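**Q** Would you mind keeping the following structure in view while I ask a few things?
Values quoted throughout were computed directly from the atomic coordinates according to the rules given, and no laboratory measurement underlies them. Quick caveat: nothing in here was measured; it's all calculated off a predicted structure. As a convention, Cβ positions derive from the backbone with ideal geometry for all residues, glycine included, and neighbour counts pool all protein chains shown.
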Amino acid sequence: MSSPDYFEVFYAINPWMKGDAPVDRGLAMEQWQNLKTALKRRAGAQVSLVKPVPGLPDLVFTANAAFVHGDRAILAHFKNAERRPEEPHFRASLEALGYTVIEPPVPFEGAGDALIYEGRLVLAGYRQRTEVSAHQLISRTFDLPVLSLELHSEHFYHVDTCLCPLEGGHLLYYPGAFDEYGLKVIEANVPEEKRLTVTGQEARNFACNAVQVGRCVFLNQPSARLSEALKRRGFEVVGLDLSEFLKAGGSAKCLTLRLN
Amino acid sequence: MTSALLELHGHLIDSLILAKVIDRIQLSGYNYVLADLRVGARKHDLSTAQIQVWTPSSEDLEALIQELKVHGVHLVANEEAEFATVVQAGLAPEAAYTRHLPSTEVLYKGQWTEVMGSKVQWVIALRSAGPELVRASELLEGDRVLIGQRGLRTGADQQP
């Protein structure tokens, strides 16, 4: 994770950033601390930190730093010039943690666009931020099959804004973010009883931008319906207020990068 | 009429990307042929497909390529054509690009009669004036013959 010391919205690279409400940095810091504390206390997670850097407001969204698997990491190569200066900082942090870092030759936004399902398959997004050819690098590097899912909505610009693999083969996702092909791919690979869809309203509240550690699922202010559905599947739901980060188009998952 | 060879590489089958690309071409109403498809042997191997497509104009072709680019489609036709040397007179090299005329018969004196020479196999060989259509049977040892479809554009009469 990376503390939101310099978090603000001063450029707009996704539709969420075009809102009028300014970021309350004090509140953002409190919300981020709450997430970090909850991850540690509720799920026993260990948290490593990337040092915040002035002028890099989105460094707080560490999910985009890289796709990490085993002892290697494919570093992000951001599509938008505004975020490219983050790359050397993420590289240095990953190397300091002992990862071998691989640079992709094309735009690729890390774990924002590549999620491991059941440890055996990568569900990867393309079109908005990541180029589909980056998925080949994931396959080649990790010898894992990849399912490439086109993201056709600017609001759901990373696959982790509309899809979240959970333990036990469960999959939380928003069907409205995918086309008919993407939905068929999901349906062909995830059994019906394991699929948990969210509504448009829940998706816009970043329900799919959730983090799972152990049986705990951390997410922004879940609806009663979704909380119930997750509980029925045996998960412990940890609802948090991450509203300041929603103004930049991110939530719990975007604020974290799973290292192992 | 313009034609081009398009190529895409990646997770084409399980991700339904090839199906999507072909559907887009069909929806545009263009003719196409799946010229080559190499499917990865294992689930995580990559696949490669080549699609020959015909559009009414080069602008249509450019628009189609632009639309499909996001799925990893690129034009192969800008690459130089490849030629292989004939090692035995009258025998086209393996993978030579060959053409036959459509089966042609003429109703002559009440009978459909096959036109002599309509079964000729044509290849493209490099001659002093440039690439030239040559009967495969008339190839000479040392002739350079076009192989594959790289660097090749064909007109409307060659449509499937």
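Yes or no, residue by residue, for (1) of a type in the set (Asp, Glu); (2) within 19 Å of A:Ala252 (Cα to Cα); (3) touching a Ser or Thr at 6+ places or on another chain (Cβ under 7 Å):
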| site | (1), (2), (3) |
| --- | --- |
| A:Glu86 | yes, no, no |
| A:Glu95 | yes, no, no |
| A:Pro105 | no, no, no |
| A:Leu115 | no, yes, no |
| A:Leu121 | no, no, no |
| A:Glu131 | yes, no, no |
| A:Tyr173 | no, yes, yes |
| A:Tyr181 | no, no, no |
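**Q** Output the residues belonging to segment A:202-226 that are surrounded by fewer than 19 Cβ atoms within 10 Å (Cβ to Cβ) and small (Gly, Ala, Ser).
**A** The answer is A:Gly214, A:Ser223, A:Ala224.
**Q** Do you know which residues across segment A:190-201 are farther than 19 Å from A:Arg233 by Cα and surrounded by 15 or more Cβ atoms within 10 Å (Cβ to Cβ)?
**A** Matches in segment A:190-201: none.
**Q** Same structure again: Anything in segment B:110-153 that is assigned to a loop (DSSP other than H, G, I, E, B), aliphatic (A, V, I, L, M) and touching a Leu at 6+ places or on another chain (Cβ under 8 Å)? List them, or say none.
**A** Hits for segment B:110-153 are B:Val120, B:Leu139, B:Leu152.
**Q** Within segment B:89-109, is there a residue that is out of contact with any Gly (no Cβ under 7 Å at 6 or more places or on another chain), of a type in the set (S, T, N, Q), part of a strand (DSSP E or B) and surrounded by 10 or more Cβ atoms within 10 Å (Cβ to Cβ)?
**A** Within segment B:89-109, one or more residues are out of contact with any Gly (no Cβ under 7 Å at 6 or more places or on another chain), of a type in the set (S, T, N, Q), part of a strand (DSSP E or B) and surrounded by 10 or more Cβ atoms within 10 Å (Cβ to Cβ).
**Q** Just for segment A:164-184: of the residues that are within 14 Å of another protein chain (Cβ to nearest Cβ) and surrounded by 21 or more Cβ atoms within 10 Å (Cβ to Cβ), which one is farthest from the chain's Cα centre (by Cα)?
**A** Checking each candidate, the answer is A:Gly182.
**Q** Looking at (1) surrounded by 15 or more Cβ atoms within 10 Å (Cβ to Cβ); (2) closer than 22 Å to A:Leu259 by Cβ; (3) in contact with a Gly (Cβ under 8 Å, 6 or more places away or on another chain), find the lone condition where A:Trp16 falls short.
**A** The number of the failed condition is (2).
**Q** Note down all Cβ pairs under 8 Å where the first residue falls in segment A:123-137 and is within 10 Å of chain B (Cβ to nearest Cβ) and at positive phi, the second is surrounded by 24 or more Cβ atoms within 10 Å (Cβ to Cβ) and in a loop (DSSP other than H, G, I, E, B), and they're at least six residues apart or on different chains.
**A** A:Arg127/A:Leu151
**Q** Quickly run through segment B:53-68 and pick out the residues that are under 28 Å from A:Arg140 (Cβ atoms) and away from every other protein chain (no Cβ under 14 Å).
**A** B:Ile65
**Q** Residue check: is A:Gln201 part of a loop (DSSP other than H, G, I, E, B), more than 19 Å from B:Asp14 (Cα to Cα) and among the polar types (S, T, N, Q)?
**A** no
**Q** State all residues of segment B:96-123 that are among the polar types (S, T, N, Q) and within 26 Å of B:Gly151 (Cα to Cα); if no residue qualifies, say none.
**A** The answer is B:Thr98, B:Gln121.
**Q** Okay, next question. May I ask you to list the residues in segment A:138-163 that are touching a helix residue (DSSP H, G or I) at 6+ places or on another chain (Cβ under 9 Å), within 10 Å of chain B (Cβ to nearest Cβ) and in contact (Cβ under 8 Å) with a residue 60 or more places away in the chain?
**A** Result: A:Leu144, single match.
**Q** Considering segment A:98-115 alone, what residues qualify as being within 13 Å of chain B (Cβ to nearest Cβ) and under 19 Å from the mean Cα position of the chain (by Cα)?
**A** Of everything in segment A:98-115, those that are within 13 Å of chain B (Cβ to nearest Cβ) and under 19 Å from the mean Cα position of the chain (by Cα) turn out to be A:Pro107, A:Ala114.
**Q** If I ask for residues that are hydroxyl-bearing (Ser, Thr, Tyr) and either touching a Pro at 6+ places or on another chain (Cβ under 8 Å) or assigned to a helix (DSSP H, G or I) (or both), which ones from segment B:1-29 would you list?
**A** Of everything in segment B:1-29, just one residue is hydroxyl-bearing (Ser, Thr, Tyr) and either touching a Pro at 6+ places or on another chain (Cβ under 8 Å) or assigned to a helix (DSSP H, G or I) (or both), namely B:Thr2.
**Q** Quick one: would you say B:Gln66 is exposed (fewer than 13 other Cβ atoms within 10 Å of the Cβ), without any contact (Cβ under 8 Å) to a residue 24 or more places away in the chain and closer than 30 Å to A:Arg129 by Cα?
**A** When the stated conditions are applied, B:Gln66 passes them.
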